[in-house]
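Right, one structure below, let's go through it.
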Ligand SMILES: Cc1cc2nc3c(=O)[nH]c(=O)nc-3n(C[C@H](O)[C@H](O)[C@H](O)COP(=O)(O)O)c2cc1C
């Protein structure tokens, strides 16, 4: 990828400014299915795996997804193997990927988030050595305080600026600067800018936005809620203008980088998110159709930058 696209996300060097959104791309499963091993090419500049929690989770009852006009509603409910199995089996494989790793973490209380990050941190010390400064270019944490599909914890922290600040500070104690600490925000609030500001002031090195918008699907036959989890989270092109507004509002108040996401499916979407203030963008639902989309969007972004005679940093926040 051309040096025109080279960028940094906090302490992390990225070959290009496009990554995946957590929960929408399973690189290890894909590699296993394709029989890939070793230094295979990845379609993202940094990889964000699915959210990991303290204990294993089965996720919500089915049905868990529904397609709607210009998007999808999911009520997956954070199924995952739990941090014990994650650090034993998954993390070592993720550290072999040819790109930096951003581990996405959730909990049902502040202490649980901190414990999960501590467990990841201890495992990293075994894998990478105890000097945390040397981890900074390779691994970061994203705190998911925004999942609309679990009963407690997660989203109740993400809708309260003081709780976001307390959590960010507590995690910073065990995941110190310069390590990347991104806080992933929910759009299901009145003022997302104040949530981002709380994260920044408490020591976050980036904010990710947005997670999904809380929604409901009605079963057309029974006229009852269709999804097993009753409500779900809307993603895809339907939310793009809403997400752009969030990025625009947050960029006006924070100095830390924004990882922008919400309905990104083509290069023009990437350009618009960056113009609104995102330094890096993430592909979510659109990656289900084409897992190689992030890398392709980056290639096309370079063409747009050439055509418009813009550098990446000139594009970021141009609307402001
Ligand atoms: C099926 C599905 C699963 C998701 N799982 C997670 C998750 O585990 N952790 C998380 O932080 N976000 C999760 N998300 C939210 C996405 O990362 C992203 O924030 C959201 O979908 C908006 O982007 P999009 O419109 O491009 O999909 C999930 C989204 C979808 C559609």
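Each reported figure results from applying straightforward, stated rules to the coordinates on display, with no laboratory input. Quick caveat, the model's predicted, so the values are computed rather than measured. Please note: Cβ atoms are built from the backbone with ideal geometry, for glycine as well, and neighbour counts cover all protein chains shown.
When the Debye formula is applied to the Cα atoms of segment 70-115, each taken as the same point scatterer, what base-10 log of I(q)/I(0) results at q = 0.19, 0.23, 0.30, 0.33 Å⁻¹? Ignoring solvent entirely, the Cα scatterers give -0.81, -0.97, -1.14, -1.21. DSSP bridge analysis restricted to the chain gives an antiparallel fraction near 45%, rounded to the nearest 5. Distance between the pseudo-spin-label points of residue 93 and residue 122 (7 Å out from Cα toward the beta carbon): 2.3 nm. Note on segment 1-120: Rg/Rh from Cα positions, Kirkwood definition for Rh, rounded to two decimals, is 0.99.
Approximating the spin labels as points 7 Å out from Cα along Cα→Cβ, the residue 130-to-residue 219 distance works out to 5.7 nm.
Taking every eigenvalue of the Cα gyration tensor of segment 191-320, multiplying by 5 and rooting it, what semi-axes result, largest first, whole Å? Before the final figure, lay out each step's value.
Details: eigenvalues 165, 83, 25 Å².
Each semi-axis is the square root of five times an eigenvalue, giving 29, 20, 11 Å.
From Cα pairs below 8 angstrom and at least 6 apart in sequence, can you work out the relative contact order of segment 20-78, rounded to a whole percent?
32 percent
Normalised by residue number, the volume inside the convex hull of the Cα atoms of segment 99-176 is 91 Å³ per residue.
Just the projected area, averaged over all directions, of the convex hull on the alpha carbon atoms of segment 49-153: how many nm²? Walk me through the intermediate numbers first.
Details: hull surface 31.1 nm².
Result: a mean projected hull area of 7.8 nm².
Result for the chain in a Gaussian network model with C-alpha springs under 10 Å: among 196, 170, 125, the largest mean-square fluctuation is at 125.
With the contact rule set at Cα under 8 Å and sequence spacing of 6 or more, what percent relative contact order holds for segment 132-226? Walk me through the numbers on the way to the answer.
Details: 148 pairs, mean separation 27.6, N = 95.
Contact order relative to length: 29 percent.
Ranked from largest, the principal axis spans of the Cα set of segment 157-199 equal 30, 15, 12 Å.
Using bins of 10 Å that start at zero, the share of Cα-Cα pairs per bin across segment 146-237 amounts to 17, 41, 26, 12, 4, 0, in whole %. When the inverse distances between all different Cα atoms of the chain are averaged and flipped, the Kirkwood radius reads 19.5 angstrom. Cα centroids of segment 27-94 and segment 176-194: 21 Å apart. Rg over Rh for segment 93-250 works out to 1.02, using Cα positions for both radii and the Kirkwood form for Rh. Alpha-carbon geometry of segment 200-265: the Rg and the Dmax are 15.7, 49 Å, given in that order.
Looking at the calculated P(r) for segment 255-295, what percent of the C-alpha pair distances fall above 14 Å? Don't jump to the answer; show the numbers that get you there.
Values: 322 of 820 pairs.
For segment 255-295, the share of Cα pairs beyond 14 Å comes to 39 percent.
Peptides 211-221, 281-291 ranked from most to least packed, by the mean per-residue count of other Cβ atoms within 10 Å: 281-291, 211-221.
When only Cα pairs under 8 Å and 6 or more residues apart are kept, what is the percent relative contact order across the chain? Spell out each step's value before the answer.
Numbers: 716 pairs, mean separation 64.4, N = 320.
Here the relative contact order equals 20 percent.
Where does the chain land at 222 nm, in deg cm²/dmol rounded to the nearest 500, when only DSSP H runs of n ≥ 4 count, each adding -39500 (n - 2.57), divided by all residues? Numbers along the way, then the final one.
Numbers: 11 runs with 105 residues, N = 320.
Rounded to the nearest 500, the figure is -9500 deg cm²/dmol.
Summary of the geometry: segment 206-280 and segment 296-320, compared by the centres of their Cα atoms, lie 21 Å apart. Relative to the globular-protein estimate of 2.2 N^0.38 Å, the Cα radius of gyration of segment 1-44 stands at 1.37.
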